[in-house]
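J.: Take this structure first; my questions come after.
The values are calculated or read from the model by the stated rules, or taken from the named source; none is laboratory data. Keep in mind that what you see is a predicted model, and the values were worked out from it rather than measured. So basically every Cβ, Gly included, is an ideal-geometry build from the backbone, and we count neighbours across all protein chains shown. The area values use the complete protein model at the heavy-atom level, side chains included, leaving out ligands, DNA and RNA. Shrake-Rupley method; radii C 1.70, N 1.55, O 1.52, S 1.80 Å.
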Amino acid sequence: MGKSVRETFRVPVDQLDPRARPLGPRDKATAAEEMVELGERLDQLQEALYAEAIGGGRRAVLLVLQGMDTSGKGGVIRHVGGLVNPQGLHIATFKKPTDEELAHHFLWRIRRQVPVAGRIGIFDRSHYEDVLIARVDELVPEDVWRGRYTEITAFESELAAQGVTIVKCMLHISEKEQAERLVARLDDPAKRWKYNPGDLDARAKWPAYQEAYAEALRRTDIDAAPWYVIPSDRKWYRNWAIAALLAETLTELDPQFPQPDFDVDAERARLAASGVS
């Protein structure tokens, strides 16, 4: 038996090619076909998770998306998150902290967005910004951002104990592919709104960011909140991989529809008596 999706992608970032396809579809057309089947599975599993919570269940799922600019966090939300009922999703985007957020502990704004029972939460960036950009741009002293690794693993262990299954995905993109996507944004008037001149400032620090990502993954990859490195140079493969990862995770969780707290036969009889055949 081959490796599962989770086993395949739970590898160090420096050991996986951003264009790799270690399992699954080999081309875009096949991936599109498989996404239909994955969408059906995810939709059923998400509905069961939602219904389970209505019946008193405490479980939720949190998908954390981290990656360099243009790696496709928004694309994943659209193409993977879009496979399920939006009522069962909770999407949070973490941009530059506001003054209010800066006045609190760095996890304060994160805790406020953790999905409630029955939901699939998706974080577009996350608390990992505080050991990535905070490290590379020296926004806080080294002893502060280094101490955050321990705080993060404690926080994620706490969430796991509360019933939140955490799936952390690093969208692994090459420097060459990023350049091509930035140029594409400039060339297409409909995409220029996505372009931010500041992205080039971060791009100039590419080696520092790769080092920061590698250490963050190494220091915070725990069984309660594992890291998966997703090859993201091919958008279609990135989307398939994360959809498959979520489907495998939810299948193992095996959410259950709650049993009715009423007599089904009695209700059927009442409906028949009311004129419904």
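J.: Can you work out the FRET efficiency for the pair A224 and H104, with r the C-beta to C-beta distance and R0 = 30 Å, to the nearest 0.05?
T.: For A224 and H104, the calculated efficiency is 0.80.
J.: Could you work out the Rg to Rh ratio of the stretch 231-277, with Rh taken as the Kirkwood radius (inverse of the mean 1/r over all Cα pairs)?
T.: On the way: Rg = 21.5 Å, Rh = 14.6 Å.
For the stretch 231-277, the value is 1.47.
J.: Compute the relative contact order of the stretch 175-259 as a whole-number percentage, counting only Cα pairs closer than 8 Å that sit 6 or more residues apart in sequence.
T.: Numbers: 20 pairs, mean separation 11.7, N = 85.
Once normalised by length, the contact order is 14 percent.
J.: On to the next question. When ligands, DNA and RNA are left out and all protein chains stay put, how many square angstrom of accessible area per residue does the stretch 30-141 have with a 1.4 Å probe? Before the final figure, lay out each step's value.
T.: Numbers: 5320 Å² over 112 residues.
Per-residue accessible area for the stretch 30-141 comes out at 47 Å².
J.: Please list S174, S126 from largest to smallest accessible area, probe radius 1.4 Å, with all protein chains kept in place.
T.: Numbers: S174 25, S126 0 Å².
So the residues, ranked largest to smallest area, are S174, S126.
J.: Hey, what do the phi angles of the stretch 151-165 turn into as Karplus ³J(HN,Hα) couplings, whole Hz, using 6.51/-1.76/1.60 and θ = phi - 60°, x for Gly and Pro?
T.: 4, 5, 5, 5, 4, 5, 5, 5, 4, 4, 5, 7, x, 9, 8
J.: Q256 to E211: extension gain in nm, 0.36 nm per residue of separation minus the Cα-Cα distance?
T.: Working: separation 45, 0.36 × 45 = 16.20 nm, distance 4.17 nm.
Length difference between fully extended and current span is 12.0 nm.
J.: Accessible area, 1.4 Å probe, largest first: how do V13, V36, V144 sort?
T.: Of V13, V36, V144, the descending order of accessible area is V36, V144, V13.
J.: Any chance you could get the radius of gyration and Dmax over the Cα atoms of the stretch 168-230, in Å?
T.: Reported Rg and Dmax, both Å: 14.6, 44.
J.: Sorted by mean Cβ packing within 10 Å, highest first, what order do the peptides 3-10, 86-93, 41-48 take? Mind showing how you got there, number by number?
T.: Numbers: 3-10: 16.8, 86-93: 15.2, 41-48: 18.6.
Going by the mean number of other Cβ atoms within 10 Å, highest first, we get 41-48, 3-10, 86-93.
J.: Go through the stretch 39-51 residue by residue and turn each phi into a ³J(HN,Hα) via Karplus (6.51, -1.76, 1.60, θ = phi - 60°); whole Hz please, and just put x for glycine and proline.
T.: Per-residue couplings from phi come out as x, 5, 5, 5, 5, 5, 5, 5, 5, 5, 4, 5, 5 Hz.
J.: Name the residues whose placed amide hydrogens come within less than 5 Å of the amide hydrogen of K168, ignoring near sequence neighbours (fewer than 5 apart) on the same chain.
T.: Answer set, sorted by chain and number: V64, Y228.
J.: Translational diffusion coefficient of the stretch 82-126 at 37 °C, 0.692 mPa s, Stokes-Einstein with Kirkwood Rh over Cα pairs, in µm²/s as a whole number.
T.: On the way: Rh = 11.6 Å.
Diffusion coefficient, whole number: 283 µm²/s.
J.: Just list whichever of K3/K95; K3/K194; K95/K205; K28/K96; K28/K205 have alpha carbons separated by over 30 Å in the model shown.
T.: Working: K3/K95 36 Å; K3/K194 37 Å; K95/K205 19 Å; K28/K96 35 Å; K28/K205 32 Å.
Pairs exceeding the cut-off: K3/K95; K3/K194; K28/K96; K28/K205.
J.: Could you tell me the ratio Rg/Rh of the stretch 1-96? Both radii from Cα atoms, Rh via Kirkwood. Mind dumping the intermediate values first?
T.: Working: Rg = 15.7 Å, Rh = 15.9 Å.
Rg divided by Rh gives 0.99.
J.: Right, something else. What does the helix-only formula give at 222 nm for the chain: each DSSP H stretch with n ≥ 4 adding -39500 (n - 2.57), the total divided by the residues, and the result rounded to the nearest 500 deg cm²/dmol? Walk me through the numbers before you get to the answer.
T.: Values: 12 runs with 138 residues, N = 277.
Mean residue ellipticity at 222 nm (helix-derived): -15500 deg cm²/dmol.
J.: Debye sum, Cα scatterers, the chain, no solvent: what log₁₀ I/I(0) at q = 0.12, 0.17 1/Å?
T.: -0.78, -1.50
J.: Please list, in order along the stretch 8-16, the HN-Hα scalar couplings obtained from phi with the Karplus expression 6.51 cos²θ - 1.76 cosθ + 1.60 (θ = phi - 60°), rounded to whole Hz, x for Gly and Pro.
T.: Values, residue by residue: 5, 8, 8, 9, x, 4, 7, 10, 9 Hz.
J.: With no solvent and one equal point scatterer per Cα, compute the Debye intensity ratio I(q)/I(0) for the stretch 154-274 at 0.15, 0.22 Å⁻¹ and report its log10, rounded to two decimals.
T.: -0.90, -1.26
J.: Can you figure out the FRET efficiency of Y149 with L200, using R₀ = 25 Å and their beta-carbon distance, to the nearest 0.05?
T.: Numbers: r = 29 Å, r/R0 = 1.15.
E between Y149 and L200, to the nearest 0.05, is 0.30.
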